[in-house]
1. In this structure, does SER56 turn out to be small (Gly, Ala, Ser), at pLDDT 90 or above and either over 15 Å from the mean Cα position of the chain (by Cα) or surrounded by 15 or more Cβ atoms within 10 Å (Cβ to Cβ) (or both)?
2. Within segment 211-240, restricting attention to residues that are out of contact with any Gly (no Cβ under 9 Å at 6 or more places or on another chain) and aromatic (Phe, Trp, Tyr), which residue is surrounded by the fewest Cβ atoms within 10 Å (Cβ to Cβ)?
3. Suppose we filter segment 201-226 for residues that are over 13 Å from the mean Cα position of the chain (by Cα), in a helix (DSSP H, G or I) and of a type in the set (A, V, I, L, M, F, W, C); how many remain?
4. Pick from segment 11-52 the residues that are in a loop (DSSP other than H, G, I, E, B) and among the β-branched types (Val, Ile, Thr): which of them is surrounded by the fewest Cβ atoms within 10 Å (Cβ to Cβ)?
5. Could you tell me how many of the residues in segment 198-241 are under 16 Å from VAL178 (Cα atoms), out of contact with any Ser or Thr (no Cβ under 7 Å at 6 or more places or on another chain) and touching a residue at least 40 places away in the same chain (Cβ under 8 Å)?
6. Answer yes or no: is there a residue in segment 98-113 that is touching a Lys or Arg at 6+ places or on another chain (Cβ under 9 Å) and at pLDDT 85 or above.
7. List every residue pair whose Cβ atoms sit under 9 Å apart, with the two residues 6 or more apart in sequence or on different chains, where the first one lies in segment 114-126 and is in the same structural domain as VAL191 (by TED's automatic domain parsing) and in a loop (DSSP other than H, G, I, E, B) and the second, anywhere, is at pLDDT 85 or above and surrounded by 11 or more Cβ atoms within 10 Å (Cβ to Cβ).
8. Can you work out which of the residues in segment 182-200 that are surrounded by 23 or more Cβ atoms within 10 Å (Cβ to Cβ) and of a type outside the set (Gly, Ala, Ser) is nearest to the chain's Cα centre (by Cα)?
Amino acid sequence: MYVIVGWIAVQIAFGHSGQQADRTGALHEIGATPVGSFLLWLLVIGFIGMALWQLSEAVYGSPGSGEHKAAERLAALGRMVIYAVFAYGVLDYALGTGQPQSSDKQSVDLTATLLKYPGGQVLVVVIGLVLIGGGIYLAFQAWREKFRRDVALGQMRPAIRRVVEWLGKFGGMARGAVFVTAGVFLVVAAVEAGPQQAKGADSALRALAATPGGPWLLVLVAIGLIMFGLFSCCQAKWERL
């Protein structure tokens, strides 16, 4: 999914794609291929597998979990919910009974709903700050190469290990940058009380093209997302279980 979203973002940077650079756009891209139906069902199985894996870590703990064991189990439970929602959305799309909502629409709808209630503005700011903090944390963890504890690097040949380290480091930083950008838009939406200011992954990526760096900053982050997708494939092979 990260590889496809990254590829869509590269095309957007050069004005060659009308797809959304998020999970919805990726599903449309996959569904349009000759083997789209098969791949969609493969994604359903994959997301269910990810949800069950995170559930097992929430119940039994993850490898090497130490003093922050309770926090790691809680984080695993949160990831389980996210993957279960993804699995349901892809299943709905694979069955042809529904269309997945874009990340932009989800962000706008959620922000608009929260702003209707007393204290909603503060809550949206908090959510935005959590996204910003989470993005910075993910980027920092990637820069410090914390993924080493989860991947059996010793089983790889030296050349492959160096490639995996680069993929994990710069791919993780790019993923963090997307979270930070989306969080900034949420904070702006709350401060200005304008739900339309809230952005999902697609608009957060497109916003990078509007910076002084132009489309090249978007290309850089898009390549990073592709790298993270490739790192995830490597992690699936060499995950320390």
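The values are calculated or read from the model by the stated rules, or taken from the named source; none is laboratory data. Values in this document were obtained by computation on a predicted structure and should not be read as measured data. Cβ placement follows ideal geometry from the backbone for every residue including glycine, while neighbour counts extend to all protein chains displayed.
1. When the stated conditions are applied, SER56 passes them.
2. So, considering only residues that are out of contact with any Gly (no Cβ under 9 Å at 6 or more places or on another chain) and aromatic (Phe, Trp, Tyr), the one surrounded by the fewest Cβ atoms within 10 Å (Cβ to Cβ) is TRP216.
3. Total satisfying the criteria: 8.
4. Keep residues of segment 11-52 that are in a loop (DSSP other than H, G, I, E, B), which gives 14-22, 32-35.
Okay, now just the ones that are also among the β-branched types (Val, Ile, Thr), so 33, 35.
Numbers: THR33: 11, VAL35: 9.
The qualifying residue surrounded by the fewest Cβ atoms within 10 Å (Cβ to Cβ) is VAL35.
5. Number of matching residues: 18.
6. There is no residue in segment 98-113 that is touching a Lys or Arg at 6+ places or on another chain (Cβ under 9 Å) and at pLDDT 85 or above.
7. Every condition considered, the pairs that remain are TYR117/LEU123.
8. LYS199
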